[in-house]
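Asker: Before I ask anything, here is the structure I am working with.
The values are calculated or read from the model by the stated rules, or taken from the named source; none is laboratory data. The shown structure was predicted, so the numbers you read here are calculated from the model rather than taken from an experiment. We place every Cβ from the backbone using ideal geometry, glycine too, and count neighbours over all the protein chains shown.
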Amino acid sequence: MVVPLLVLVVLAVVQVGLALHVRSTLVSAAAEGARVAAVSGGDTAAGVARTRSALATSLADGVVESVTAARSGVRGVATVDVEVRARLPLLGLLGPTVLVVHGHALVEG
């Protein structure tokens with residue numbers, strides 16, 4: 001009676017750990033892509049390519065659905081926003097199934 005409960009708790013801990021690892025990897029890659037797109041002379045396509053290459057060697061590569069980048073402004077300051085949409089790898093059917101993260105960087109003058 002205790003063993004099934006223990007297995008359930010262990011699987012829940014593994015699920016949370018996997019979800020946090022994937023989220024952290026996606027955020028890091030999105031931020032790197034935004035920095036590449038924001039450098040002087042950089043463009044959003046270079047940011048998307050850098051984000052995809054940063055994810056290519058990670059565990060999160062298989063779950064990425066889309067990567068987009070756009071220039072925008074926040075209070076008059078030019079920025080680049082990289083958005084990564086991914087499926088959240090779940091062991092069970094509970095919890096969110098889509099993860100959306102953003103990376104931001106200030107555009108160099």
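Asker: Which residue, of GLY17, GLY42, is more than 19 Å from LEU90 (Cα to Cα) and at pLDDT below 90? Spell out the reasoning first.
Answerer: Working: GLY17 fails: more than 19 Å from LEU90 (Cα to Cα).
Criteria check complete, one pass: GLY42.
Asker: Of the numbered conditions (1) within 23 Å of PRO89 (Cα to Cα); (2) touching a residue at least 40 places away in the same chain (Cβ under 8 Å), THR68 fails exactly one; give the number of that condition.
Answerer: (2)
Asker: Quick one: what pairs do we get from segment 41-57, first residue of a type in the set (D, E, K, R), second outside any helix (DSSP H, G or I), C-beta under 8 Å, 6+ apart or different chains?
Answerer: Correct list of pairs: ARG52/VAL64; ARG52/VAL67.
Asker: Additional query: Being aliphatic (A, V, I, L, M) and crowded, with 17+ Cβ neighbours inside 10 Å is the filter here; which residues of segment 28-43 pass it? So that I can check it myself, show each step before the final result.
Answerer: Residues of segment 28-43 aliphatic (A, V, I, L, M): 29-31, 34, 36-39.
Passing the criteria: ALA29, ALA30, ALA31, ALA34, VAL36, ALA37, ALA38.
Asker: State which residue is nearest to LEU18 (Cα to Cα) when the search covers only segment 44-67 and only residues that are surrounded by fewer than 16 Cβ atoms within 10 Å (Cβ to Cβ) and not small (Gly, Ala, Ser).
Answerer: Ranking the qualifying residues of segment 44-67, first place goes to LEU59.
Asker: How many residues, within segment 20-65, are of a type in the set (Gly, Ala, Ser) and over 11 Å from the mean Cα position of the chain (by Cα)? Spell out the reasoning first.
Answerer: Initial filter on segment 20-65 (of a type in the set (Gly, Ala, Ser)): 24, 28-31, 33-34, 37-38, 40-42, 45-47, 49, 53-54, 56, 58, 60, 62.
Narrowing the set further to residues that are over 11 Å from the mean Cα position of the chain (by Cα) leaves 34, 37-38, 40-42, 45-47, 49, 53, 56, 58, 62.
Summing the residues that are of a type in the set (Gly, Ala, Ser) and over 11 Å from the mean Cα position of the chain (by Cα) in segment 20-65 gives 14.
Asker: Take ALA19 and tell me if it is touching a Leu at 6+ places or on another chain (Cβ under 7 Å), surrounded by 18 or more Cβ atoms within 10 Å (Cβ to Cβ) and either assigned to a loop (DSSP other than H, G, I, E, B) or of a type in the set (A, V, I, L, M, F, W, C) (or both).
Answerer: Numbers: touching a Leu at 6+ places or on another chain (Cβ under 7 Å): yes; surrounded by 18 or more Cβ atoms within 10 Å (Cβ to Cβ): no; either assigned to a loop (DSSP other than H, G, I, E, B) or of a type in the set (A, V, I, L, M, F, W, C) (or both): yes.
Criteria not met by ALA19.
Asker: While we're looking at this one, here's another question. How many of the residues in segment 75-88 are farther than 13 Å from ALA49 by Cα and either in contact (Cβ under 8 Å) with a residue 24 or more places away in the chain or among the aromatic types (Phe, Trp, Tyr) (or both)? Steps first, please.
Answerer: At the first step, the residues of segment 75-88 found to be farther than 13 Å from ALA49 by Cα are 75-81, 85-88.
Filter again for either in contact (Cβ under 8 Å) with a residue 24 or more places away in the chain or among the aromatic types (Phe, Trp, Tyr) (or both), leaving 77-81, 86-88.
Within segment 75-88, residues that are farther than 13 Å from ALA49 by Cα and either in contact (Cβ under 8 Å) with a residue 24 or more places away in the chain or among the aromatic types (Phe, Trp, Tyr) (or both) number 8.
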